[in-house]
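Values in this text are rule-based calculations from the coordinates and carry no lab data. Everything numeric here is computed off the predicted structure, so don't read it as measured data. All Cβ positions, glycine included, derive from the backbone under ideal geometry; neighbour counts span all protein chains shown.
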Amino acid sequence: MQLSREDCLEKLRDILLDMDGCDPVAVKAAGEGTRLLEDLQINSVGMLYLVIVIEESFDIRFENVGISAFRTVGDVLDYIGDKKK
Amino acid sequence: MKWKPKACAAGDMIRVQLGAIWHYGVFVSEDEVIQFGHPVLNRRWLDDPDKIRVISTDIAAFASGNMVEVACFGIAERLKRVPPEKTVALARSRMGESGYDLLHNNCEHFATECVLGDRKCEQTERYVEMWNHRQVLDVYLSNVADADTSGPIFPPERLAQIVDTTAPKLKAQRIAVWKTLEYALLRSFNLHMADIGIRRTPSGKWESDRAYFSLSHSGDWVAVAVSESPVGIDIEETIHFLENDGVRRLASKVYGPDEVADDSPEAIMRAWVIKESCFKRDGGESFVPANVSMTAKDVRYGTDLADGQIALAVCGRSVANLRIYIRRGDKTVRVEGSELLSQ
């Protein structure tokens, strides 16, 4: 059994809701095009923590990725999807 | 390991807080601190890790106006500490090295490797630990007809149990609840059924060393609760309680001698479902409702899920963090369940 992209998006929303500093209303409404910095206000350090949690939650390893490589929620889902292949 | 602001000696591991993170280095002298990158000197360090190198700066640049702390080691760390002169030689030999990785090969990994001989990043480890120990209680609810039952059933003992089930409705419930559990473990804990040592106890309960879970099915519905601590869930079709003339006779069996025996169908249903969820959480030989207390504070109960067709109670230490998901086929929707269930 594998999580679908839709499942991954929902799981990512849950992760963001559990993390400090994100606006719950914005997170609940977040879709693929939602911008991490501008819309969800995740700064670089917040992004670092998000990456750590994604590694744990999806059992993947981020390989030397620049944090600004992820501009939108969809970018993160693309990365998770590629790693899960 | 403790950290103190004190005079540094050659070969010491030192650190400085720069905003929300700590930056680590190896002290050689006031003019030479060897470190893997520098978050202030390389402002875009998070964006372009390929450009980050092991560098040497003076102590003022390292500190960037902040207080420097020195690592003070406990006995175990002192035993494995690399001699200071070797630490300095090792750090110098790695000058110019690249391969920076924010999570897996950062300034703290570099410094601990030079000073203690092994690569560690307490900042990451602490956060991972915190995350993995957060309280989770997720409930997944699915209509049997809607359940995604594709794929094989694991383990073979469960498959055999299902194959042996002759009643078609029960068989469908058992398949649906098991596939819902499979999804729940993956979704909530990233655990695969085959990896969690799932087994059946002599009392017939399924359990695993990796996560706590509880299963329930009634009529057209199945429910699964997963948590990091012991958990119990029970669902019952409301029709059996609310449209059954004989339900009041259950009162004497449901309530204990010290409980107020409200014999309205709603109250009996509530007591039954709550007590069964608590029994499932706490375990025991057989479910005798009158022997189970209803006073636990870590219970939530409601009848508004599934269009009022079921009453649901869930019991567990992490119930304050309750999340509820409805599965329809391969689609999952999170519902604002905490408002639907009350204490």
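Brief remarks follow.
- Above-threshold pairs, the threshold being 32 Å between Cα atoms, out of A:K28/A:K85; A:K28/B:K171; B:K169/B:K253: A:K28/B:K171
- Test item: Cα-centred dipole of the stretch B:7-116, Lys/Arg +1 and Asp/Glu -1 on Cβ, debye: 160
- Separation of the alpha carbons by more than 19 angstrom is noted, of B:K2/B:K86; B:K275/B:K297; A:K11/B:K120, for B:K2/B:K86; A:K11/B:K120.
- The stretch B:134-340 - charge dipole about Cα centre, Lys and Arg +1 at Cβ, Asp and Glu -1, debye rounded to 20: 560
- Qualifying aspartates and glutamates (Cα of each under 12 Å from Cα of A:K84; at least 8 residues distant if same chain): A:E55, A:D59
- Low-density loop cleavage sites - chymotrypsin sites (Phe, Trp or Tyr not before Pro) in the stretch B:247-324, where at most 16 other Cβ are within 10 Å (DSSP): B:F287
- Entry note, chain A: relative contact order of 33 percent, from Cα contacts under 8 Å with a spacing of 6+ residues.
- The per residue volume of the convex hull around the alpha-carbon atoms of the stretch B:2-131 is 106 Å³.
- Unit Cα scatterers, Debye sum, chain A: log10 I(q)/I(0) for q = 0.16 Å⁻¹: -0.54
- Among A:V51, A:V25, A:V73, the residue with the largest mean-square fluctuation in a Gaussian network model of chain A, with springs joining Cα atoms closer than 10 Å, is A:V25.
- The B:L159 and B:E266 beta-carbon pair, evaluated with R₀ = 45 Å, returns a calculated FRET efficiency of approximately 0.70.
- Relative contact order, whole percent, for chain B stands at 14, derived from Cα pairs under 8 Å and 6 or more residues apart.
- Spread of Cα-to-Cα distances over 5 Å intervals beginning at zero, given as percent, for the stretch B:143-224: 3, 14, 27, 29, 19, 7, 1
- Extents of the stretch B:222-343, largest first, come to 42, 31, 24 Å (Cα atoms, principal axes, whole angstrom).
- Residue of B:V88, B:V254, B:V144 that the Gaussian network model of chain B assigns the largest fluctuation, springs spanning Cα pairs under 10 Å: B:V88
- Normalising by residue count, chain B has a Cα convex hull of 205 Å³ per residue.
- Mean projected area of the convex hull spanned by the Cα atoms of the stretch B:65-181, taken over all viewing directions: 14.5 nm².
- Relative to the Cα centre, the charge distribution of the protein assembly as shown, modelled as +1 at Lys and Arg Cβ and -1 at Asp and Glu Cβ, gives a dipole magnitude of about 820 debye.
- Under the span-like rule (Cα at least 30 Å along the axis, Kyte-Doolittle mean at least -0.5), DSSP H helices of chain B: B:168-189
- Chain B: most fluctuating residue of B:A223, B:A251, B:A167 per GNM, C-alpha cutoff 10 Å: B:A167
- Low-density loop positions, GluC sites (Glu not before Pro), the stretch B:186-248 - DSSP coil, at most 12 other Cβ in 10 Å: B:E243
- Dipole of the protein assembly as shown, positive direction: furthest Cα of B:A7, B:F279, B:A147, with charges on the beta-carbon: B:A7
- Taking one quarter of the surface of the C-alpha convex hull of the protein assembly as shown gives a mean projected area of 25.2 nm².
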